[in-house]
1. A:Gly123 - would you say it is within 7 Å of chain B (Cβ to nearest Cβ), at negative phi and either aliphatic (A, V, I, L, M) or buried (at least 17 other Cβ atoms within 10 Å of the Cβ) (or both)?
2. Starting from residues that are hydroxyl-bearing (Ser, Thr, Tyr) and within 25 Å of the chain's Cα centre (by Cα), keep the ones in region A:129-154 and report whichever is nearest to B:Ala107 (Cα to Cα).
3. Which residue out of B:Ala108, B:Ala37, B:Ala85, B:Ala97 is small (Gly, Ala, Ser), within 9 Å of chain A (Cβ to nearest Cβ), part of a loop (DSSP other than H, G, I, E, B) and in contact with a Gly (Cβ under 9 Å, 6 or more places away or on another chain)?
4. Being within 7 Å of chain B (Cβ to nearest Cβ), touching a residue at least 12 places away in the same chain (Cβ under 8 Å) and either out of contact with any strand residue (DSSP E or B) (no Cβ under 9 Å at 6 or more places or on another chain) or hydrophobic (A, V, I, L, M, F, W, C) (or both) is the filter here; which residues of region A:40-49 pass it?
5. Consider A:Asp71 carefully, then state whether it is closer than 30 Å to B:Glu15 by Cα, more than 7 Å from chain B (Cβ to nearest Cβ) and modelled with pLDDT of 95 or more.
6. It is to be established whether one or more residues within region B:50-59 are farther than 30 Å from B:Ala109 by Cα, of a type outside the set (Lys, Arg) and either open to solvent by less than 10 Å² (accessible area, probe 1.4 Å) or in contact with a strand residue (DSSP E or B) (Cβ under 9 Å, 6 or more places away or on another chain) (or both).
7. Return the residues of region B:137-176 that are part of a helix (DSSP H, G or I) and closer than 30 Å to A:Arg118 by Cβ; say none if nothing qualifies.
8. Quick one: count up the residues across region B:102-120 that are open to solvent by 10 Å² or more (accessible area, probe 1.4 Å) and either without any contact (Cβ under 8 Å) to a residue 12 or more places away in the chain or among the aliphatic types (A, V, I, L, M) (or both).
Number of protein chains: 2
Amino acid sequence: MTQVIEAIRNGVDTEQMYGTLDAIKAQPELAAFQFRASNEWIDGAHNRTTIQRFYGAGQEDESREEPFVIDAGEPAILLGTDTGANPAEYLLHALAACLTTSLVYVAAARKVRLTEVRSTLEGDMDVRGALGISDEVRNGFSRIRASFTVKGDAPEEKLREVVARAQQRSAVYDMVTNGVPVSVEVETA
Amino acid sequence: MTQVIEAIRNGVDTEQMYGTLDAIKAQPELAAFQFRASNEWIDGAHNRTTIQRFYGAGQEDESREEPFVIDAGEPAILLGTDTGANPAEYLLHALAACLTTSLVYVAAARKVRLTEVRSTLEGDMDVRGALGISDEVRNGFSRIRASFTVKGDAPEEKLREVVARAQQRSAVYDMVTNGVPVSVEVETA
């Protein structure tokens, strides 16, 4: 029993984690993943994304029995009816979620038991860009500020190291800070 | 009645749209927006974002009576229990949703009535980066492919122009392709 209890840290099964890391080190091709999202326009600013399958660890994953269904929208002042958070807010969510999970996994690997992880993210946007009014400002956020509160059974310095390492390894932090090449294809019939 | 019907195109109130554009052109300071997201770690790869207030059009917006609550997770193979789509999948959702809304707004402004907008996005990731196994690969997607199907009462060329213009103006497309400066602050007590 003690062993089982010890193996789970921060809700992460560390035995499984070390097993996964060893498997990928031995067979790097298992690391090739592809994630997917399908979106459908409903009306106005309302559209809906469905997420279920992905490819990873050498096979098509079929473990998710139901899709995740995620609605987007815009508030009234941006011409929507609040059918969901808006796309820029979802980007903040993706970033917060990824930094948090990275932090929790790094802490589990470094034997730090966390008791609390909270964050607030803010993104500043001059909407003249996205509305097509001005070419002097960019369309997206000019900057994003993330403020984390992290508590656990480790000294402050160690907790800060865990956060720094999470930043270094977060997939979404990498994408949002460095950018990703995106190709867009269009079919009209 | 005819006028009212004409004013709504693709679910977008074009009278309101032109009014908003005119107001911002006259008073550019109304264009300063700030969007926010607050995230709380639950357990393992499960964390939850709450989104409600934002600043825009010269004031704190209080029009949303309830927050949007969005759960993130990871599938079993990435050490989670599927408590929600994963952060990288949410980034694909943010991108799909933003391109779609931009496209719908641009079409409304250009008097194109859309009948269908669908998209599928794929992102390729070598998870050795995010798992800390390799410094040779990046943490995030190496590339994202978006495939759109767009139908409406306009010739193919016009529909393609609308998509191209949406790409040029999408806030999330700008952020994902060009990157955004992100600052991270940590408090540990």
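1. yes
2. Here the answer is A:Ser142.
3. That would be B:Ala85, the only listed residue that is small (Gly, Ala, Ser), within 9 Å of chain A (Cβ to nearest Cβ), part of a loop (DSSP other than H, G, I, E, B) and in contact with a Gly (Cβ under 9 Å, 6 or more places away or on another chain).
4. A:Ala45
5. Yes: the conditions hold for A:Asp71.
6. yes
7. Answer for region B:137-176, where residues must be part of a helix (DSSP H, G or I) and closer than 30 Å to A:Arg118 by Cβ: B:Ala171, B:Val172, B:Tyr173, B:Asp174, B:Met175, B:Val176.
8. Within region B:102-120, residues that are open to solvent by 10 Å² or more (accessible area, probe 1.4 Å) and either without any contact (Cβ under 8 Å) to a residue 12 or more places away in the chain or among the aliphatic types (A, V, I, L, M) (or both) number 3.
The values are calculated or read from the model by the stated rules, or taken from the named source; none is laboratory data. What you are looking at is a predicted structure, and each value in this text was computed from that prediction instead of being measured. In this analysis, Cβ positions are derived from the backbone assuming ideal geometry, glycine residues included, and neighbour counts consider all displayed protein chains. Note: accessible area is taken over every heavy atom of the protein model, side chains too, but ligands, DNA and RNA are not part of it. Shrake-Rupley method; radii C 1.70, N 1.55, O 1.52, S 1.80 Å.
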